[in-house]
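The values are calculated or read from the model by the stated rules, or taken from the named source; none is laboratory data. On a predicted model such as this, the values are computed, not experimentally measured, just so you know. Counting neighbours? That spans all protein chains shown, and the Cβs are built from the backbone with ideal geometry, glycine included. Please note that ligands, DNA and RNA were not included when accessible areas were found on the heavy atoms of the full protein model with its side chains. Shrake-Rupley method; radii C 1.70, N 1.55, O 1.52, S 1.80 Å.
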Amino acid sequence: QVQLVESGGGLVQAGGSLRLSCAASGRHFTSYVMGWFRQAPGKGREFVAAISWTGDTYYTDSLNGRFAISRDNAKNTVYLQMNSLKPEDTAVYYCAAGRPRRLTLPREYDYWGQGTQVTVSS
């Protein structure tokens, strides 16, 4: 069992930056792929980024290099650095853990945090 707690969300102006954190507790953290998803009002949950236990990273194409995912296995924490934020990045951001066969599919992840709100004003 893994528990995930996100933090770091908030209100930021367009062009600004935020860093989200996801603290994991439980066993075998290092063996899981960690992912970030987001869900805007009225929309489905969307893949943002993922990182393997070895540090390989994957991103949705639309980000154009604005976000960076990282993990600190010693601290059982994964991060999402978000730069050049846009109003369309406004969403609840969720951290997820699992051993997905397909990284972009929410149903492939076993554990989820409660989410943290990110609001980008224009």
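Residues in the range 70-77: is at least one within 13 Å of the chain's Cα centre (by Cα) and of a type in the set (A, V, I, L, M, F, W, C)? No, there is no match, as no residue in the range 70-77 is within 13 Å of the chain's Cα centre (by Cα) and of a type in the set (A, V, I, L, M, F, W, C). Looking at the range 1-52, which of its residues are in a strand (DSSP E or B), open to solvent by less than 20 Å² (accessible area, probe 1.4 Å) and under 14 Å from ASP72 (Cβ atoms)? Of everything in the range 1-52, those that are in a strand (DSSP E or B), open to solvent by less than 20 Å² (accessible area, probe 1.4 Å) and under 14 Å from ASP72 (Cβ atoms) turn out to be LEU20, CYS22, ALA24, MET34, ILE51. For the range 53-105, a tally of residues being touching a residue at least 40 places away in the same chain (Cβ under 8 Å), loosely packed, with under 14 Cβ neighbours inside 10 Å and assigned to a strand (DSSP E or B) returns 0.
Here's the yes/no breakdown for (1) more than 15 Å from TYR111 (Cα to Cα); (2) at pLDDT 95 or above:
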position	(1), (2)
GLY8	yes, yes
GLY15	yes, yes
ARG19	yes, yes
SER25	no, no
ALA74	yes, no
MET82	yes, yes
ALA91	yes, yes
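Scanning the range 27-34 finds one or more residues that are modelled with pLDDT of 95 or more and over 14 Å from VAL120 (Cβ atoms).
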